[in-house]
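To start, the structure under review is shown below, and the notes come after it.
The values are calculated or read from the model by the stated rules, or taken from the named source; none is laboratory data. Bear in mind that the values here come from a model prediction, so they are computed numbers and not experimental data. As a convention, Cβ positions derive from the backbone with ideal geometry for all residues, glycine included, and neighbour counts pool all protein chains shown. Only protein heavy atoms, including side chains, enter the accessible area calculation; ligands, DNA and RNA are left aside. Shrake-Rupley method; radii C 1.70, N 1.55, O 1.52, S 1.80 Å.
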Amino acid sequence: MVLAIDTISAVQNFVWAFTAVYVLAILAYIITSWVNLPYSLRPVQRFLYDVCEPYLRFWRRVLPFRTGPMDFSPLLAVAALGLVARIVISLLDRLH
């Protein structure tokens, strides 16, 4: 039973850490899309694009309205990610 509790706690910690890192990646992607980075940092920008854009593209298709130049998909994506993480963590907590 101790092994199961440790495993559940480890999975909960992983979900929390993954969510935090992915939210930071989305934030970094947004910031790097606003500025013109030097050539040496373009691979970082490309990595952030490859990691974040598929998830954000999904939320851009889900949004029922267009807001012109403002893109609210990152806000919705981060909120949904946080909500799903909380649900998963609370479900795992019930397994204790």
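General observations
- Candidate set from the range 26-61 (those that are outside any helix (DSSP H, G or I) and open to solvent by less than 90 Å² (accessible area, probe 1.4 Å)); member that is farthest from PRO74 (Cα to Cα): PRO38
- Residue match in the range 1-9 (condition: of a type in the set (Ser, Thr, Tyr) and under 26 Å from HIS96 (Cα atoms)): yes
- Listed by first and then second residue, the pairs linking a residue in the range 31-50 that is within 25 Å of MET70 (Cβ to Cβ) to a residue that is not in a helix (DSSP H, G or I), with Cβ atoms under 7 Å apart and 6 or more places separating them unless they lie on different chains, are GLN45/LEU37.
- Selected residue (criterion: nearest to the chain's Cα centre (by Cα)) from residues of the range 68-96 that are open to solvent by less than 100 Å² (accessible area, probe 1.4 Å) and of a type in the set (D, E, K, R): ASP71
- A residue that is over 16 Å from the mean Cα position of the chain (by Cα) and either among the charged types (D, E, K, R) or farther than 30 Å from HIS96 by Cα (or both) cannot be found anywhere in the range 16-27.
- Look at (1) touching an Asp or Glu at 6+ places or on another chain (Cβ under 9 Å); (2) open to solvent by 80 Å² or more (accessible area, probe 1.4 Å) and you find that PHE65 fails only one, number (1).
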